[in-house]
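Please read the structure below before turning to the comments.
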Amino acid sequence: MMADEKDRMGPAMPRNNTAAGPSRRRFLDALLGSGVILWLASVFYPVTRYIIPPARSGLDVSSVEAAALEELPPGSYKIFRFGRIPGILLRLRDGTYHALSARCTHLDCTVQFRSDTEQVWCACHNGLYDVEGRNLSGPPPKPLERFEVVIKGDKIFVRRGETV
């Protein structure tokens, strides 16, 4: 019966052990291996960038014109650019001015001034600062950077001051 099966299948074909077989296998192995490596890189690169954020560069200016005197009535605020970071200029109900970094120290959200409580508030996670930049409650780990306010004529200038 074995002889009948061989006759039906035809003569046995010799195996072709040329270089095409192993090189095709090497090509597929390299293709699959590089696909896995690229997939791992696409997963771990964003995770690494999140865990280790880029270093922040310093301020590139030392003084800016933040507003004109008539722009800020008592109990109001203005967001302005201080180099590459936002700043917030506050005018309290008693007429005094304060200038702070407008970037929350928790997750870099832009803060706002609440004139009813005279506090600086971060809407991202409900962080509160006083008008001097000291953190009062919420998750912010550090106070806001303070800037010095200088009034010259009818212009309000803000320049780098001491950090609280």
Considering residues that are more than 15 Å from R103 (Cβ to Cβ) and without any contact (Cβ under 8 Å) to a residue 24 or more places away in the chain, the number found within segment 119-144 is 6
Looking at C109, C124, C104, which one is farther than 19 Å from L72 by Cα, modelled with pLDDT under 90 and crowded, with 17+ Cβ neighbours inside 10 Å?
C104
Consider only pairs whose beta carbons are under 8 Å apart and that are at least six residues apart or on different chains; among these, list those whose first residue lies in segment 63-87 and is over 17 Å from V131 (Cα atoms) and assigned by TED's automatic domain parsing to the domain that holds D130 and whose second residue is β-branched (V, I, T) and not in a strand (DSSP E or B).
F82/V61; G83/V61
If you check G95, G133, which single one turns out to be closer than 19 Å to E71 by Cα and outside any strand (DSSP E or B)?
G95
Would you check if I52 is of a type outside the set (G, A, S) and either closer than 20 Å to R103 by Cβ or at pLDDT below 85 (or both)?
yes
In segment 60-83, is there at least one residue being at pLDDT below 90, under 21 Å from G138 (Cβ atoms) and part of a loop (DSSP other than H, G, I, E, B)?
no
Across segment 48-62, what is the number of residues that are more than 17 Å from the chain's Cα centre (by Cα) and either free of Cβ contacts under 8 Å to residues at least 24 places away in the same chain or under 15 Å from W121 (Cα atoms) (or both)?
1
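The values are calculated or read from the model by the stated rules, or taken from the named source; none is laboratory data. If you're wondering where the values come from, they're calculated on a predicted model, not measured in any experiment. Virtual Cβ from ideal backbone geometry, glycine too; neighbours counted across all protein chains shown.
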